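Have a look at the structure below, then the notes.
Derivation of every value follows stated rules applied to the coordinates shown; laboratory data play no part. Keep in mind that what you see is a predicted model, and the values were worked out from it rather than measured. Glycine gets a Cβ as well: all are built from the backbone with ideal geometry, and neighbour counts include every protein chain shown.
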Amino acid sequence: MKDQICPGCGITLQSLDSQAPGYVPKNKAGTAVVCQRCYQIKHYKKITGERVTEESNHQAIRAATSKADLTLLVADFFDPEGSFAPDWAELIKTGGGQPIKLLVNKSDLLPPRTKREEIEEYLACLWQRRFPGISLAGVRALSAKEETNIAAMLKELSGLRIAIVGAANVGKSSLLARIIKENGRCYSQKSPTISSFPGTTQGITRWPLPKFKIELFDTPGLIPGSRIGDLLCAECSGSLLPERKLQVKSWELPEDNAVLIGDLAGVWNTSTAAVKTVIFSAESLTLHWTNSRKAEELLKESPQWLRAVCARDRRALQYTEEKFTVKPGEDLYISGLGWLAVKNKPTRFRVEVPAGVEIGVRPSLIGKR
């Protein structure tokens, strides 16, 4: 099976080590379409075997971008901060210096009144704050679930060799599958493996698109380490992301009350007055509003009706506390979990989240800033 590549994840196939990436049973050697790991993900929604290292991911990204005329960096509208791994600055500088276009995926989750142009401008500003001096060739908000905006983008990119890069779980493989479908060519079983498991793509896959005269190179997703999903097992990580719509709750939060986002985070109003808040999260999470004392008990006890992840992951999390003042037109965000917007007055909050998760205050992603 020398140099045979799994089209699902991009890893080199092998039959020597069942726990190593790219394994195919010996009786399937030479005939298997995908590696055993991709097969089990596709057919049983089960992930097995070891993932490749982050250094291997870096090498694959450098190799792909060095061959390309343009890099398409895919970001997640739901978690823009978590989309911009610190590694990007170093990888971009060593990847050949080609232009970078930012694709903001999952824009189908936007509220109807929010224009995509607003999100494009927002992500462009966030990029410049994170990576000053590294310019973008453009920003486009789109969705892997929609066909019309994909076709228009591909026509603009005609004749180019393109590397697709992004953090894990931003929807990069789903976007690639939509692009392949738009090309009109049937790859039969040869298609990218799509799943909610982080790190599904493990190497470089090449996809010629003759209809648009484009050659695509797909790459592994990076694990920034700053998102709450990065601290969880593969099965639990993807469950925190919205699939069909954002969950939005509007509550007037009294003083000495708190909002729990599942059993993963708590936000306490420590000001001396009630505040109007809007909370955004995945639809799979339970949002619960209660008094301060009860919130402390629930976050510690992690009852089944509030639990968002498996018991083993929940026990492994170590919590930390931070304090913020949030003004109207600002969000208090928790990377990979959601955010809380303040509507009527500056408010002091105490936040308890797992240690290592990025939290902070930013201009409101949705609505007036």
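Could you work out which residue, out of ASN27, ASN57, ASN291, moves most in a Gaussian network model of the chain, that is, has the largest mean-square fluctuation with Cα springs under 10 Å? In the Gaussian network model the winner is ASN27. Coordinate range of the alpha-carbon atoms in region 1-88 per principal axis, descending: 44, 30, 19 Å. The distance linking region 320-357 with region 4-39 is 44 Å (Cα centroid to Cα centroid, whole angstrom).
Rg/Rh for region 257-347 stands at 0.96; both radii use Cα atoms, and Rh follows the Kirkwood definition.
Using only the alpha-carbon atoms of region 51-224 as identical scatterers, what base-10 log of I(q)/I(0) does the Debye formula give at q = 0.16 Å⁻¹? Scattering profile of region 51-224, log10 relative to I(0): -0.92. Tell me, what is the percent relative contact order of the chain, built from C-alpha pairs under 8 Å that lie six or more residues apart? Once divided by the residue count of the chain, the mean separation gives 15 percent. Within the same chain, lysines fewer than 8 places from LYS249 are excluded, and of the rest, those with a Cα less than 16 Å from its Cα are LYS276, LYS343. Of the GluC sites (Glu not before Pro) in region 177-243, the ones in a loop by DSSP (not H, G, I, E or B) with at most 16 other beta carbons within 10 Å are GLU243. In this label model, ARG113 and LYS211 are separated by 3.7 nm, measuring between points 7 Å along each Cα→Cβ vector. Note on ILE134, ILE100: ascending count of other Cβ atoms within 10 Å places them as ILE134, ILE100, the fewest first.
Considering only DSSP beta bridges whose two residues both sit in the chain, what percent are antiparallel, to the nearest 5?
The answer is about 70 percent antiparallel.
Here each label is just a point 7 Å from Cα along the line to Cβ, and for ALA63 and ARG161 those points are 1.4 nm apart. As a proxy for reagent exposure, ranking TYR44, TYR39, TYR319 by other Cβ atoms within 10 Å from fewest up yields TYR44, TYR319, TYR39. Computed from point charges on the beta carbon alone (+1 for Lys and Arg, -1 for Asp and Glu), the dipole magnitude for region 236-369 about its Cα centre is near 340 Debye. Highest average first, the peptides 247-257, 72-82, 158-168 ordered by how many other beta carbon atoms sit within 10 Å of their residues are 72-82, 158-168, 247-257.
Based on alpha-carbon atoms, the Kirkwood radius and the radius of gyration of the chain give Rg/Rh equal to 0.99.
Using Cβ point charges alone (K and R +1, D and E -1), the dipole size of the chain about the Cα centre works out to roughly 860 debye. Across region 215-369, the volume of the C-alpha convex hull divided among the residues equals 124 Å³ per residue. Take the Cα of ALA29, step 7 Å toward its Cβ, do the same at TYR319, and the gap between the two points is 5.3 nm. Applying 0.36 nm per residue to the separation of TRP251 and ARG350 and subtracting their alpha-carbon distance, the gain on full extension is 33.9 nm.
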